[in-house]
1. Just need a number here: residues in the stretch 265-291 that are touching a residue at least 60 places away in the same chain (Cβ under 8 Å) and more than 16 Å from the chain's Cα centre (by Cα).
2. What pairs come up if the first residue lies in the stretch 140-164 and is part of a helix (DSSP H, G or I), the second is buried (at least 19 other Cβ atoms within 10 Å of the Cβ) and acidic (D, E), and their beta carbons are under 9 Å apart, counting only those six or more places apart or on different chains?
3. So how many residues does the stretch 201-213 have that are open to solvent by 60 Å² or more (accessible area, probe 1.4 Å) and not in a loop (DSSP other than H, G, I, E, B)?
4. Please specify each residue of the stretch 136-171 satisfying the condition of being among the β-branched types (V, I, T), surrounded by fewer than 16 Cβ atoms within 10 Å (Cβ to Cβ) and at pLDDT 95 or above.
5. Have a look at A58, A86 and point out the one that is buried (at least 23 other Cβ atoms within 10 Å of the Cβ), among the small types (G, A, S) and closer than 30 Å to H265 by Cβ.
6. With respect to R299, determine if the residue is within 30 Å of T98 (Cβ to Cβ), modelled with pLDDT under 95 and surrounded by fewer than 16 Cβ atoms within 10 Å (Cβ to Cβ).
7. Every residue in the stretch 56-80 that is outside any loop (DSSP other than H, G, I, E, B) and in contact with a strand residue (DSSP E or B) (Cβ under 8 Å, 6 or more places away or on another chain), please.
8. With the requirement that a residue be surrounded by 22 or more Cβ atoms within 10 Å (Cβ to Cβ) and of a type in the set (G, A, S), what does the stretch 274-296 give you?
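The values are calculated or read from the model by the stated rules, or taken from the named source; none is laboratory data. From a predicted model like this one, the values you see are computed outputs, not experimental measurements. As a convention, Cβ positions derive from the backbone with ideal geometry for all residues, glycine included, and neighbour counts pool all protein chains shown. Remember, those area values only see protein heavy atoms, side chains included, never the ligands or the DNA or RNA. Shrake-Rupley method; radii C 1.70, N 1.55, O 1.52, S 1.80 Å.
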Amino acid sequence: MPSSSETITAAASGTWKLGDLTVNRLGFGSMRLAQDGTAFADRTSSDRDRALRVLRRAVELGVNHIDTASFYFSPLRSANELINSALAPYAEDLVITTKVGPGRDPSGTWAWATPEQLRGQVEENLRQLGRDHLDVVNLRLAVSRASAPVTELFGALAELRTAGLIRHLGISNTTPEQLAEARGIAPVVCVQNAYGLGSPAEHHAFLRACGEQGIAFVPFFAIAGAGREEGASDNQDDATLTVARRHGVTAAQVRLAWTLHQGPHVLAIPGTGNPDHLVENVAAGALRLTTEDLALLAR
């Protein structure tokens with residue numbers, strides 16, 4: 001890893017193509033931008049100026065893949081609106097990935113879209129982001145419906161892709177069977193699932209299968225792990241802490257680097273509203289773990 005005096009950019013993580021769109025493998029997730037906490041009803045909205053600075057700094061650091069959604073909002077902030085305000089007019093190489101399926105009303109109550117309602121969610125993202133098309137749209141599925149067919153939902157998005165509103169399609173919270181079903185309808189450029197250190201064997205197998213099919217695997221909660229929306233625990237396992245000490249980095253950086261080591265098709269989208277954490281996250285793309293490190297973490 002370069003010395004602390006050097007500015008590390010997202011280019012250090014390498015690149016992958018989402019369809020015909022080349023992105024640095026270390027990206028940015030906007031889930032935490034709009035709020036200081038994670039829940040809608042009992043947390044405060046983020047500081048707008050700081051959120052805008054984080055986004056602009058991310059792009060300065062070479063991040064050209066931003067993950068977002070119209071349901072990332074707080075009482076006073078919208079992640080999509082922040083992205084629009086900070087980064088429009090957008091750089092030609094900036095890829096914005098969003099997701100549809102879940103939706104929230106102003107009170108924060110969740111609901112799942114029908115196939116007929118997906119167009120409205122796509123148009124909402126277009127309006128908030130100020131775009132005439134969306135680069136990548138993930139169909140987000142409910143974990144509770146892991147065996148449910150996806151033909152109607154994914155077919156509705158495929159029609160919007162044909163109409164020019166969407167460039168590429170992905171699928172999230174999915175299973176190998178649902179992915180195969182979706183690929184029978186339209187090309188899939190990415191799978192976005194929860195994944196990280198400690199994931200079960202079947203998740204590792206699915207990640208490898210995506211690579212064999214040329215599909216990007218984009219983990220969420222790679223740092224948070226079981227903490228999910230609440231964030232990473234302060235209590236890290238001994239193996240992660242040992243590797244972190246060896247390299248003079250944080251446990252979060254080790255987790256991100258480990259994720260990227262799982263294959264050239266694996267992308268990372270760590271999110272933060274903290275400028276210092278942003279720099280650390282991007283720097284993790286330059287961290288090269290040794291065979292000994294990986295063996296220790298695998299235990």
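1. 7
2. From residues that are part of a helix (DSSP H, G or I), there are no pairs.
3. 5
4. Answer for the stretch 136-171, where residues must be among the β-branched types (V, I, T), surrounded by fewer than 16 Cβ atoms within 10 Å (Cβ to Cβ) and at pLDDT 95 or above: T151, T162.
5. Checking each option against the conditions leaves just A58.
6. No, not satisfied.
7. Listed by number, the residues that qualify are A58, H65, I66, D67, F73, A79, N80.
8. A283, A284, G285
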